[in-house]
């Protein structure tokens, strides 16, 4: 599995999304122009964008998950020791 | 919002959460989709680079957050060394950790941006190279903390490293800039020339969102640090208790 | 005892220890020389221009042997249990720091003084006539490296994984010095005028000042028990 397969999937999503918002005034002329001239380049750009996007969220998400996990574990520890001490 | 003061009284229960913390979280949760909308719907596609330019909206704010983490760590380190109050060290540690996280994001999104645009993964670009050095320094910071014998030593050593690291950053940047200056290729990872005002607004929205994210994570990380401190002091208390029948029912050392 | 007196005392003590045992200096020389030899095999300097790679090779040798010197500098304190003595003694800790920096500089300079001519011989390079500039460059950059290195070494030698932690912390922090050292050495060996590399010299000097000052302030916190 190459690094870009999830990117390709997301790129497909994003292109669909872009197509759906084509009538957004800023996007339409430029996207249409770009697609007309170099469709594969746009596709490639989208893939890289999607990969980068995934990376950002993966890293942030992983950190958040690890943080939550540690927080829960430490809270449990605190409760346990307090009970033991009769606090 | 920088340097939000964490109340000094211990948070007794992990369920209790001060109001401002909740507000912060909710604001962040709202800001994320709002800025996503601005980036992907409102902001126009840049002419030269195409869609890939939109990485800029994540890459650069992440870099800002990395610098924020480093700067905050340095300030907190100085405060800690001067006052020797634990809370400054807690924030310093959290800030450094977050700095590393955002630095990692910068270092990965940078090459992903560079590859389709310039055909190479690593351009030796000044800012990216300096960020790599920064990443190394603060990874060292975190490793050093782990290798200290106790909390106090870790805090002291980390404070030294944090201050040295922050002092070093501008010098590192300058030296790398001069070093690369002899090479004809000086690629700049900017937003693409002058920033279109709509792009500028989207970018500002992203910076705000990332800052909110940073602060949210900072609050949680500091909370984790406090709770870990509490565990340690409670364990010390438990160790000092004389052994009585009422102490525990089979629960030995919690280690 | 005066501040300067303390500094000289600390540096002199290390120097005397070394003259008596000679263990460290020899290993520093050999290590640095080995690095040069390895690079002599790694790069074919009949094809590759020495000017472009040579200074880098030299400074890799200096930096790696410098790390050895730094580790040794604090290990001997530990081995002879002198750390407690230093903590109790009524001396300014920063004077102790400066003494250590001076000692490290002496050892590194000794290695450099031998290795630069040796490299000239090994790689068939003409020896530079700009000795003054070369000395300045070597001294300034060695000082910067020793300044930051001594601060970090005081901390890392208290850990169990000091061999890994010292380079890990020091190398990124010393990037400006490493870049300045290689660039200026390259220019000096090529015989170029001072204006060409003057900005690098100011950078090294600035780095030295900033980190000597910072370390003098921070060193106290490195050694507390």
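Derivation of every value follows stated rules applied to the coordinates shown; laboratory data play no part. Because the structure is predicted, anything quoted here is derived from the model rather than measured. Every residue, glycine among them, receives a Cβ derived from its backbone with ideal geometry; neighbour counts consider all protein chains shown.
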At what distance in angstrom do the alpha carbon centres of segment C:122-167 and segment B:75-113 lie from each other? 28
Take every residue in peptide B:142-149, count the Cβ atoms of other chains within 10 Å of its Cβ, and give the average of those counts. 4
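How would you classify chain C from its alpha-carbon gyration tensor, with a ≥ b ≥ c the square roots of the eigenvalues: rounded for a/c under 1.5, else prolate if a/b is greater than b/c, otherwise oblate? Provide the component values of the computation, followed by the final result.
Details: a/c = 2.04, a/b = 1.66, b/c = 1.23.
Here chain C falls in the prolate category.
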Using a Gaussian network model of chain C with C-alpha springs under 10 Å, which one of C:52, C:186, C:109 is most mobile by mean-square fluctuation? C:52
Shape of segment C:160-225 from its Cα gyration tensor (a ≥ b ≥ c, root eigenvalues): rounded if a/c is under 1.5, otherwise prolate when a/b > b/c, or oblate? oblate
Show me B:214-222, C:21-29 ranked by packing, highest mean number of other Cβ atoms within 10 Å first. B:214-222, C:21-29
Nearest 10 degrees, 0 to 90: helix C:131-156 Cα axis against chain C principal axis: 40
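Please report the relative contact order for segment C:3-223, taking Cα pairs under 8 Å with a sequence separation of at least 6, and give it as a percent rounded to a whole number.
27 percent.
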Mind ordering C:31-44, B:53-66, B:112-125 by average Cβ neighbours within 10 Å, highest first? B:53-66, B:112-125, C:31-44
Expected integer from the mean partner chain Cβ neighbour count at 10 Å over B:163-174 is 5
Mean separation of Cα pairs under 8 Å and 6+ residues apart, divided by the residue count of segment C:118-186: what relative contact order is that in percent? 38
By how many nm would the segment from residue C:34 to residue C:129 lengthen if fully extended, with 0.36 nm per residue of separation less the alpha-carbon distance? 31.6 nm
Could you order peptides A:65-74, B:95-104 by the average number of other Cβ atoms within 10 Å of their residues, highest first? B:95-104, A:65-74
Please give the helix C:50-79 orientation as an angle from the longest Cα principal axis of chain C, in degrees from 0 to 90, rounded to the nearest 10. 20
Under the helix-only model (-39500 (n - 2.57) for each DSSP H run of 4 or more, divided by the residues of chain C), the mean residue ellipticity at 222 nm, to 500 deg cm²/dmol, is -29000 deg cm²/dmol
Pairing the Cα long axis of helix C:175-189 with the longest principal axis of chain C, what angle in degrees results, from 0 to 90 and rounded to the nearest 10? 40
When Cβ neighbours within 10 Å are restricted to other protein chains, what is their mean count per residue of peptide B:227-238? 4
